[in-house]
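*Asks:* Have a look at this one.
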Amino acid sequence: MKNTKKVGIILLVLSLILIIMLILMITLLNKMKSTDYNNNTEFEKQILYEANKNIEKVSNRNKYYVVQDIVNTYMKYINNLKKEDIKDKNTALYSILDKEYILEFNINENNIGEKFNLYTSNEKVYIDDIYELEKDISINIFFIYGTTINSNEAFKLIVKTDSKNNTFSVFPAEYIDRYGYSYSSNNDEIKIDDKEIEPNNYNIFEYKNINNDQMIVYYFEDLKNKVFEKDKLYQVLDEEYKNKKFANIQEYNNYLENIKSFIMQRNIVNYQINKFDNYTQYVCIDQMGKYYIFNETGVMDYTVILDTYTIELPQFTEQYNNSTDAEKVLLNIQKVFQAINDGDYEYVYNKLDNTFKQNNFPTLISFENYIKQNFYENNKVGYSNYKTSGDLHIYTLSITDNNNSNNSIEKDFIMQLKEETDFVMSFNV
């Protein structure tokens, strides 16, 4: 009996020890689990900072367009200050200004209209560059540089985002100038705090997942804006293309005026993406068959080629080399009508057979006048008959007015293929 009692006491003690050990283990596990993405220990935070301490150009398209939307919101609220029918206009702008800026520059809802009397009531910003500094796990600082579209003035802004609360705040240019902050500053020089940004009715942002279809739209809209901004399009033209396409700035200006006449009515209807080592290429076609080739080296960082005939593009050359002679002639005819539709009469003139040229169009002006009088402003080509005669390829073309399908003409195009991708041609006058 005494032995049984002793065994019971021993079992009880062992049970208590086991329970205590389990409690300690659970407590330890809970502490370990409490360290997550939004609540890291100081040690873990320090490791992350060391990995992301540089101020770098934004390479993530989703981040880029979040920041762009914030800039658009900022400009909208500034523009609204001049509108009488907006009731909350002062509150809206005040609510997205960072508290550090508000305190330092003595901003309140009563004086904000005077402080931000900066632009006309419909000013917009074209963004040139966005740079990023990761201040904390959830706090990012973005340096935005651009140009105002209407007044053509330099624009800069700092945007602070809080990914934990999906909130943002802004630091206008005067704050940036006072401290001399820029994308080239050292991380340690940026004294903007890493406190959370409390949400209100005006400072919430949403993340976007930008797919390729949306990216194409963004690039084409950006191209349209550049067409109407002084020298903007010229600056992003591929260097080889620009030098071969335009002998002088006047030729470029003439081409620009031609683009302005139709570009706003165009949309991309088809595209192809090609991946290369140092860039991504988007080959786009609008509803009228015009090509736009964007070579992207970063988000909204690109050069553009505006046709497929001025310079030899590798993928088009490969397609040409793998084609039959009849197919090569068709590809060349497409180039010819791209050039005619672009108003690039010199390209076509240089492809005319010399004898045909001397007999019919002794000057470029005479050829240009003929094309303008006998073809359409925008030509669409169909093919009804094909034959050969020696080394000559003859296609009967049905040429339709792309702006009015009731109008059409027929022309026989005669082409002789030369070395590599070269050719000469003539047609019935």
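The values are calculated or read from the model by the stated rules, or taken from the named source; none is laboratory data. Not measured: the values here are computed from a predicted model. Cβ atoms come from the backbone with ideal geometry, glycine included; neighbour counts cover every protein chain shown. Side chains are part of the model used for accessible areas, which takes the heavy atoms of the whole protein and leaves out ligands, DNA and RNA. Shrake-Rupley method; radii C 1.70, N 1.55, O 1.52, S 1.80 Å.
*Asks:* For K195, go through the aspartates and glutamates and keep the ones whose alpha-carbon is under 16 Å away, minus same-chain ones fewer than eight residues off.
*Replies:* Result set, ordered by chain and number: E42, D98, E100, E134, D136, D162.
*Asks:* For the full complex of protein chains and a 1.4 angstrom probe, list E257, E84 by accessible area with the highest value first.
*Replies:* On the way: E257 110, E84 165 Å².
If we order E257, E84 from most to least accessible, we get E84, E257.
*Asks:* Another question about this same structure. Given K226/K380; K242/K411; K387/K411; K89/K160; K328/K411; K260/K351, which pairs have Cα atoms separated by over 23 Å?
*Replies:* On the way: K226/K380 27 Å; K242/K411 32 Å; K387/K411 14 Å; K89/K160 21 Å; K328/K411 18 Å; K260/K351 27 Å.
Where the Cα-Cα span goes over 23 Å, the pairs concerned are K226/K380; K242/K411; K260/K351.
*Asks:* Counting Lys and Arg as +1 and Asp and Glu as -1, what is the net charge of the other residues whose Cβ lies under 14 Å from the Cβ of F375? Let's see the in-between values first.
*Replies:* On the way: positive: K372, K380, K411; negative: D342, D344, E368, E377, D401, E410.
Cβ neighbours under 14 Å give a net charge of -3.
*Asks:* Another question about this same structure. Can you tell me the relative contact order of the chain? Whole percent, Cα pairs under 8 Å, sequence separation 6 or more.
*Replies:* Working: 544 pairs, mean separation 37.4, N = 429.
Value for the chain: 9 percent.
*Asks:* Helix-only estimate, please: 222 nm mean residue ellipticity of the chain, summing -39500 (n - 2.57) across DSSP H runs of length 4 or more and dividing by its residues, to the nearest 500. If you can, show how the numbers build up before the last one.
*Replies:* Values: 16 runs with 177 residues, N = 429.
About -12500 deg cm²/dmol.
*Asks:* While we're here: Within the chain, which DSSP H helices have Cα atoms that stretch 20 Å or more along the helix axis and a mean Kyte-Doolittle hydropathy of at least 1.0? Let's see the in-between values first.
*Replies:* Working: long enough: 2-33 (47 Å, 1.58); 61-80 (28 Å, -0.79); 212-227 (23 Å, -0.62); 325-342 (26 Å, -0.05).
For the chain, where a helix must reach 20 Å along its axis and average at least 1.0, the hits are 2-33.
*Asks:* At 1.4 Å probe size, what's the solvent-accessible area of E318? Round to the nearest 10 Å².
*Replies:* 110
*Asks:* Could you work out the relative contact order of segment 185-293, using alpha carbon pairs under 8 angstrom and six or more residues apart, expressed as a whole percent?
*Replies:* Working: 59 pairs, mean separation 17.5, N = 109.
Across segment 185-293, relative contact order equals 16 percent.
*Asks:* Sticking with this structure for a sec: Are there chymotrypsin sites (Phe, Trp or Tyr not before Pro) in segment 211-255 that DSSP marks as loop and that have at most 16 other Cβ atoms within 10 Å, and which are they?
*Replies:* Values: sites: Y218, Y219, F220, F228, Y234, Y241, F246, Y252, Y255; in loops: F228, F246.
Within segment 211-255, the qualifying chymotrypsin sites (Phe, Trp or Tyr not before Pro) (loop, at most 16 other Cβ atoms within 10 Å) are F228.
*Asks:* Within the chain, what whole-number % of the accessible surface is contributed by carbon and sulfur, with the 1.4 Å probe and all protein chains included in the calculation? Let's see the in-between values first.
*Replies:* On the way: 11660 of 24180 Å².
Roughly 48 percent of what the probe reaches on the chain is carbon or sulfur.
*Asks:* With a sphere of radius 15 Å drawn around the Cβ of A154, what net charge do the other residues whose Cβ falls strictly inside it have (Lys, Arg +1; Asp, Glu -1)?
*Replies:* On the way: positive: K124, K156, K230, K232; negative: E123, D128, D129, E153, E174, D177, E229, D231.
That works out to -4.
*Asks:* Could you do me a favour and compute the accessible area per residue for segment 258-412, 1.4 Å probe, result in Å²?
*Replies:* Working: 7840 Å² over 155 residues.
Here the residues of segment 258-412 average 51 Å² of exposed surface.
*Asks:* How much accessible area does Y302 have with a 1.4 Å probe, in Å² rounded to the nearest 10?
*Replies:* 10
*Asks:* For F427, which sequence-distant residues (separation of 5 or more, or a different chain) have an amide H within less than 5 Å of its own amide H, given hydrogens modelled in the peptide plane?
*Replies:* Here the answer is I414, since their amide H atoms fall under 5 Å of that of F427.
*Asks:* Compute the signed sum of charges (Lys and Arg +1, Asp and Glu -1) over the other residues within less than 9 Å, Cβ to Cβ, of Y131.
*Replies:* Cβ neighbours under 9 Å give a net charge of -2.
*Asks:* Heavy atoms of the protein only, probe of 1.4 Å, neighbouring chains included. What is the accessible area of D391 in Å², nearest 10?
*Replies:* That residue has around 90 Å² of solvent-accessible surface.
*Asks:* Measure up K63/K156; K135/K232; K63/K135; K57/K87; K290/K372 against 27 Å on the Cα-Cα distance and list the ones that go over.
*Replies:* Numbers: K63/K156 18 Å; K135/K232 33 Å; K63/K135 15 Å; K57/K87 38 Å; K290/K372 19 Å.
Checking Cα-Cα distances, K135/K232; K57/K87 exceed 27 Å.
*Asks:* Out of segment 87-194, which GluC sites (Glu not before Pro) are coil in DSSP terms and have no more than 15 other C-beta atoms within 10 Å?
*Replies:* On the way: sites: E100, E104, E109, E114, E123, E132, E134, E153, E174, E189; in loops: E109, E123, E153.
Hits after loop and neighbour filter: E109, E153.
*Asks:* Pull out a ≥ b ≥ c, the square roots of the eigenvalues of the alpha-carbon gyration tensor of segment 93-200, then state rounded if a/c is under 1.5, prolate if not and a/b is larger than b/c, and oblate in the remaining case.
*Replies:* Values: a/c = 1.62, a/b = 1.22, b/c = 1.33.
Because a/c hits 1.5 or more and a/b fails to exceed b/c, segment 93-200 counts as oblate.
*Asks:* Still on this structure, I have one more. Once phi is turned into θ = phi - 60°, what whole-Hz ³J(HN,Hα) does the Karplus curve with 6.51, -1.76 and 1.60 give for every residue of segment 116-127, x standing for Gly and Pro?
*Replies:* Per-residue couplings from phi come out as 10, 7, 9, 10, 6, 7, 9, 6, 10, 10, 9, 8 Hz.
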